[in-house]
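Structure first, then comments.
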Amino acid sequence: MIDIKSSTAQIIDELIARYGALEVCRTSLFDAVEKICNAFRNGNKLITCGNGGSAADAMHIVGELMKGFRLPREIEKFRPEFVQRAQDLFPSDVEYFKANLQSALPAVSLVGETSLMTAFANDVTPRLIFAQQLFGIGRAGDVLLAISTSGNSDNVLFAVEVAKIMGITVVAMTGRRGGRLRHLSDVSVCVPADSSHTIQEFHLPIYHMICLAAENEFFAD
């Protein structure tokens, strides 16, 4: 039984209605949303990684989760303990915080730490640039969203292996064949396309749906 709201399930159904070819991914889409939302529900975070266009997607996802996407996320409603603490410590600023801070779903990408990645690639090995970061910040119960159009990117696969060792759930977005990533992941969303650009054309609406679904789970009335 999928542990999500019926309105969240509708968001997934609407995606498939718009992109009929994704019907083959229906089960994995529901599973991906469930795994990610359960991690948030348990106080864990989403960690994303990928290369090239998938790196841009990994950062895009974080941007939609860490601030309001479609729904208001008023901290007075969703983080009243923060507002009370702000009132006690900084009463002159509390209204500004209430008007502008937005509740977030904790997410971080592994692709933006340029100094760390280039130092590690130069001093140690480029194949472990994501694995090293995951080893440092990942915790059991987190979810790694691993994005690879081929499913065979070494730096992504090594991060997945580290995730499995650490008890981190792995959700993959990849192409039709899925490569090794398909078999290493707990949930594999293998879109029905074979070339990188067509795979990525499916990935974008999928991760927008994931962000919408997660937001609906936690911030919809």
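Read-outs: derived from the displayed coordinates by stated rules, not from any lab. These figures come from a predicted structure and were not determined experimentally. Cβ atoms come from the backbone with ideal geometry, glycine included; neighbour counts cover every protein chain shown.
Take the Cβ atoms of I137 and A56, set R0 to 25 Å, and the FRET efficiency comes out at 0.75. Mean-square fluctuations from a GNM of the chain, with a 10 angstrom spring cutoff on Cα atoms, peak among G50, G68, G136 at G136. Ignoring aspartates and glutamates fewer than eight residues from K98 along the same chain, the ones with Cα atoms less than 17 angstrom from its Cα are E74, E76, E81, D88. Using a simple spin-label model with pseudo-atoms 7 Å out from Cα toward Cβ, T125 and H197 lie 3.4 nm apart. Cβ-Cβ distance of E23 and R177, R₀ of 22 Å, FRET efficiency by 1/(1 + (r/R0)^6): the value works out to about 0.75.
Placing a pseudo-label 7 Å from each Cα along the Cα-to-Cβ vector at Q102 and S115 gives an inter-label distance of 2.8 nm. Per-peptide packing, taken as the mean over residues of other Cβ atoms within 10 Å, places 75-81, 108-114 in the sequence 108-114, 75-81 from highest down. By DSSP, the beta bridges lying fully in segment 48-188 are antiparallel in about 10 percent of cases.
When Rg and the Kirkwood Rh are both derived from Cα coordinates, the Rg/Rh ratio for the chain amounts to 1.00. Packing, taken as the mean count of other beta carbons within 10 Å per residue, orders the peptides 122-133, 95-106, 54-65 from highest to lowest as 54-65, 122-133, 95-106. With the helix formula -39500 (n - 2.57) applied to DSSP H stretches of n ≥ 4, the chain reaches a computed 222 nm mean residue ellipticity of -17500 deg cm²/dmol.
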